[in-house]
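Step one of this worksheet: look at the structure below.
The values are calculated or read from the model by the stated rules, or taken from the named source; none is laboratory data. This structure is a prediction, so every number in the text was calculated from the model and none was measured. Methodologically, a virtual Cβ is constructed for each residue, glycine included, from the backbone with ideal geometry; neighbour enumeration extends over all protein chains shown.
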Amino acid sequence: MNDALIVSLLSVVPKNPAARVIGAGARLRLPRAFHRALLRWFVKKYQVDLSECEGGIDDFDSLSHFFVRALKPGMRPVDLTPDLLVSPVDARVHTFGDIVNGSFVQSDGKRASIGLLLGVGDPRTPGVSQALADRYEGGSYAVLYLSPKDYHRVHTPREGAVTTTHYLPGRLWPVFPAATQAVDNLFGVNERLVFLLDTDLGQIAQVMVGAFGVGRMRTVIDDAVSNTGGAGVVRQLQAPVQLDRAAELGRFELGSTVILLLEPGRIDWLIEPGQPVRLGRPIARRRADPEHLETEEA
């Protein structure tokens, strides 16, 4: 079945209830023989590299447990060069570039709203104002797509303090390229967890986007869990959570997408469309201060 047909079929399917069923199935503890056969099929189909993760197939009691598997120590060395922004995930670069007129490129030739992505105007999250979206106008964005084979824990791209989290209930469209081309503002209507991270590169918005089949997303910052029928919420943390570079931030219980938003003039991207990226490796560099460059040239 091709991707375009899947999108067409899902347009008439109640996606969130279906995803909850899939998620519940992924959390089932099957008889050992069936469980082992399922995980072996999954590993073979998606070419998962088991040598990177802690434990073997028999150490996971469900497909969901396997999806959030931990990596062995040292498998993702983190580049601590001061001027770098690192990838928060194992993924493939979908789109990246500049935020123009309040929008970013969702897919080739299709732009999407930054405000909608962040929850501006959503009556369920009245604490999210247009000022938040305006903060990123003229800034930079990157959309990073996680495939089923990828490591599914989400980390920070830079050391800093998480000051605010948003949970934004929504739909659960798939997020593969054919879907992002077909569905307007897909990332802004799907379930989202948003983190605002104060760093020496300004405030970074990091958005985890749920997808069809992702029964749940979780965060280690608080007890928010997506796609459980709960209401939207904005949490202003009384004590901001200080995190190191590449510290764990959340988990996808099945694959999806992470979107980064940065303020204007902060970074230059070091990535290309379609490029695979790994947690902890450089994806952007701090933009040089023009005044500093002029002083050096003089």
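In summary, Val48 fulfils each of the numbered conditions (1) within 23 Å of Gly280 (Cα to Cα); (2) outside the structural domain of Asp198 (by TED's automatic domain parsing); (3) not in a loop (DSSP other than H, G, I, E, B) with the single exception of condition (3).
The number of residues in region 71-82 being surrounded by 13 or more Cβ atoms within 10 Å (Cβ to Cβ) and touching a residue at least 24 places away in the same chain (Cβ under 8 Å) comes to 4.
Restricting region 38-52 to residues that are touching a Leu at 6+ places or on another chain (Cβ under 9 Å) and not β-branched (Val, Ile, Thr) leaves a set whose member that is surrounded by the fewest Cβ atoms within 10 Å (Cβ to Cβ) is Glu52.
For (1) of a type outside the set (A, V, I, L, M, F, W, C); (2) buried (at least 19 other Cβ atoms within 10 Å of the Cβ); (3) touching a Leu at 6+ places or on another chain (Cβ under 9 Å), each residue gets a yes or a no:
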site: Asp90; (1), (2), (3): yes, yes, yes
site: Val100; (1), (2), (3): no, no, no
site: Asp108; (1), (2), (3): yes, no, no
site: Leu116; (1), (2), (3): no, yes, no
site: Arg124; (1), (2), (3): yes, no, yes
site: Ala131; (1), (2), (3): no, no, no
site: Pro157; (1), (2), (3): yes, yes, yes
site: Thr165; (1), (2), (3): yes, yes, yes
site: Arg192; (1), (2), (3): yes, yes, yes
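Considering only residues in region 152-207 that are touching a strand residue (DSSP E or B) at 6+ places or on another chain (Cβ under 6 Å) and small (Gly, Ala, Ser), the one that is nearest to His65 (Cα to Cα) turns out to be Gly170.
Results for (1) over 23 Å from Phe176 (Cα atoms); (2) touching a Lys or Arg at 6+ places or on another chain (Cβ under 8 Å), shown as yes or no for each residue.
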residue: Met75; (1), (2): yes, no
residue: Asp90; (1), (2): no, yes
residue: Gln106; (1), (2): no, no
residue: Pro123; (1), (2): yes, no
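Taken over region 129-140, the residue count meeting the criterion of being out of contact with any strand residue (DSSP E or B) (no Cβ under 6 Å at 6 or more places or on another chain), assigned to a loop (DSSP other than H, G, I, E, B) and not small (Gly, Ala, Ser) is 2.
The C-beta contact set for region 118-145 (first residue farther than 20 Å from Gly210 by Cα, second residue β-branched (Val, Ile, Thr) and part of a helix (DSSP H, G or I), distance under 7 angstrom, 6+ apart or interchain) comprises Ala133/Ile114; Tyr136/Ile114.
Please find, within region 236-276, the residue that is surrounded by the fewest Cβ atoms within 10 Å (Cβ to Cβ) out of those that are among the β-branched types (Val, Ile, Thr) and either in contact with a Cys (Cβ under 8 Å, 6 or more places away or on another chain) or part of a strand (DSSP E or B) (or both).
To start, the set of residues in region 236-276 that are among the β-branched types (Val, Ile, Thr) comprises 241, 257-259, 267, 271.
In the following step, the residues that additionally are either in contact with a Cys (Cβ under 8 Å, 6 or more places away or on another chain) or part of a strand (DSSP E or B) (or both) were identified as 241, 257-259, 267.
Numbers: Val241: 17, Thr257: 25, Val258: 25, Ile259: 27, Ile267: 24.
Restricting to residues being among the β-branched types (Val, Ile, Thr) and either in contact with a Cys (Cβ under 8 Å, 6 or more places away or on another chain) or part of a strand (DSSP E or B) (or both), the top hit is Val241.
In region 72-119, which residues are in contact with a helix residue (DSSP H, G or I) (Cβ under 8 Å, 6 or more places away or on another chain) and not assigned by TED's automatic domain parsing to the domain that holds Lys149? Residues satisfying the conditions are Lys72, Met75.
Considering each residue of region 83-108, count those that are outside any strand (DSSP E or B) and either of a type in the set (Ser, Thr, Tyr) or in contact (Cβ under 8 Å) with a residue 60 or more places away in the chain (or both), and give that number. Adding up the residues that qualify gives 7. Exactly one residue among Tyr141, Tyr136 is surrounded by 15 or more Cβ atoms within 10 Å (Cβ to Cβ), over 12 Å from Asn185 (Cβ atoms), touching a Phe, Trp or Tyr at 6+ places or on another chain (Cβ under 7 Å) and not β-branched (Val, Ile, Thr), and that residue is Tyr141.
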